[in-house]
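See below for the structure under consideration.
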């Protein structure tokens, strides 16, 4: 299939206007960036709605959009498990039970919380891993962006890479975290408005939801599933063979709904940083809850068009195709691109392409702004140049270091992008490692927050043990039909999972369980070096309850949380 | 921090919305252009939607600005 587009002047004009605003926001923020706190923590002054939209936008990167639309075609509405059970409960938990400690402890990052709650070595381990992984992730999204621009717009790969890096560097260098957050909000709106026409036009084309359902039935039956498998969520999760995900309901519940999602949403500093930038403790708690509201409806924006694409793909005369990896095997990552091409005329097409480019770039900016915070506070300030006590020179110095870290982060990202172009598997590799790090981290932070007996030695050992068990499990199992060792089985092949997803779930479950057990056992046999006084504000039982009496009832976190859970339940029932 | 993000959001969407609305109006007769979008002048409708969204954002931004002054 020909993936290329020809854009007209109006499309380029829209793109240019958008990026003028992006850089303009950075420029307007420049004069407020006088201290390290303003640059790296956005001065802790964000209103809850801004932090909330940025929170969700950070996760709505281009790779997510492309991947989820592709999953819509591959798995149908089952993909919503990544949202309604795989994100919402974790976001509510983060808001109600974890934000009070992250925010209230005055920690400036997740690694710093580990330092306050446990000890230096636990922080050091987490900070260094996070810094390395974040930069790699930023490089990979840069690479994916440049590839897309080369294939779709016919632009030069190297030029696209340098240009996008320059724009990201421009606005994060000027405005720091505030700039990244404001641009994430802008990106959120442009992606919703840019993709909405595809949802409306594709559904109209297929005769609405019911028309699409009807046309899906023969396609799905041919694949060997019940006719309504693609338009339901839990109905066929009784056995792994009855649904295309290849996982039963309890696997979805434990793997996706608990370990993977809590590991991602509750401990990933990239995400948590948005809530930490909020202006008050109530705003910080409300950040994930406000983000959860649009999050629940994103499936309609990106999964539903993916399902429509599956129908179009099998419909004679629709003219819709996807590039093939091998004969009969489509590259579903291009689903969204093919849909843009199918339905959008010049004008809104520019808007759609801009939305994709915007989400690539804000993904990079998010990574870079999380990296420079961890680098400056958790690595540089802790191990290279500690605070001197002179606030004025310190502030200036760390602001300078933060800025340099931004430049360094972007330059290393470019290098990582070239690395990704050499090793095609690097993205799978990175995602695998990420899930191995996150699950134990969640186990340790959770125990640390809710069990005051948890010790520093235990946390450190728990993190390592969880990671090694994950590595071991990955080394001993393979998903069916795996072609490379990146997918697993590099030690021996002891067990074969029907799909890769199932392997990922169980890797995370093993990692989490091990980390929990090891941390509990070692906590019981080592001495708690921190007094109750040290742990005040860091552990649940030693922290006074947050009073929300002065907040209007409808703005209280508990009200919002109940509201979010109610909508998620209704959506689940509607699409059962 | 410093600026009220509602201003740039409102301004940008008003601008882009107006641009798409005009482009939609001028190309309204171009059937070939809109054959992809099932004959719907999607530029016009998207443009109007964005214009409305942008203006609402601007109204909120001005109201915040006014109440801060007071």
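Laboratory data are not the source of any read-out in this text; all were calculated from the coordinates shown. Here the structure is a predicted model, which is why all the values come from computation and not from measurement. Glycine also receives a Cβ, built like all others from the backbone with ideal geometry; neighbour counts cover every protein chain displayed.
Some observations on this one:
- Peptides ranked, highest mean first, by Cβ atoms within 10 Å: ranges A:556-566, A:278-288: A:278-288, A:556-566
- Three-way shape label, segment A:516-567, alpha-carbon gyration tensor, a/c 1.5: oblate
- The C-alpha atoms of chain B define a longest principal axis, and helix B:42-69 lies at about 10 degrees to it.
- Reducing segment A:119-191 and segment A:199-237 to their Cα centroids gives an inter-centroid distance of 36 Å.
- Helix axis angle, A:391-422 relative to chain A longest principal axis, alpha carbon, degrees: 30
- Computed from the C-beta positions of residue A:297 and residue A:214 and an R0 of 22 Å, the FRET efficiency is 0.35 to the nearest 0.05.
- Across chain A, the relative contact order, built from alpha-carbon pairs under 8 Å that are at least six residues apart, equals 27 percent.
- Value of relative contact order over segment A:222-302, rounded to a whole percent, pairs C-alpha under 8 Å and six or more apart: 12
- Stretched out straight at 0.36 nm per residue, the stretch from residue A:480 to residue A:496 would grow longer than its current Cα-Cα span by 5.2 nm.
- Shape of segment A:1-110, Cα gyration tensor, a/c cut at 1.5: oblate
- Relative contact order (%) - criterion: Cα under 8 Å, at least six apart; region: chain B: 48
- P(r) histogram, all alpha-carbon pairs of segment B:14-69 included - 10 Å bins from 0, percent: 27, 35, 21, 12, 6, 0
- Estimated purely from DSSP H runs of n ≥ 4, each contributing -39500 (n - 2.57), the mean residue ellipticity at 222 nm for chain A is -22000 deg cm²/dmol once divided by its residues.
- For segment A:423-493 versus segment A:295-317, the spacing of their alpha-carbon centroids is 33 Å.
- Inter-site label distance for residue A:166 and residue A:315 at 7 Å from Cα along Cβ, in nm: 4.3
- Using alpha carbons only: equivalent-ellipsoid semi-axes of segment A:106-155, gyration tensor based, whole Å: 37, 10, 4
- Tensor-based shape of segment A:177-246 (alpha-carbon gyration tensor, a/c under 1.5 rounded, otherwise prolate or oblate): oblate
- Histogram of C-alpha separations across segment A:50-121, 10 Å bin width, %: 16, 35, 28, 17, 4
- Extension gain for residue A:576-residue A:553 works out to 5.1 nm (0.36 nm per residue, less the C-alpha to C-alpha distance).
- Rg/Rh for the protein assembly as shown (Cα atoms only, Rh after Kirkwood) is 0.96.
- Cβ-Cβ FRET estimate between residue A:468 and residue A:250, R0 fixed at 30 Å, reported to 0.05: 0.70
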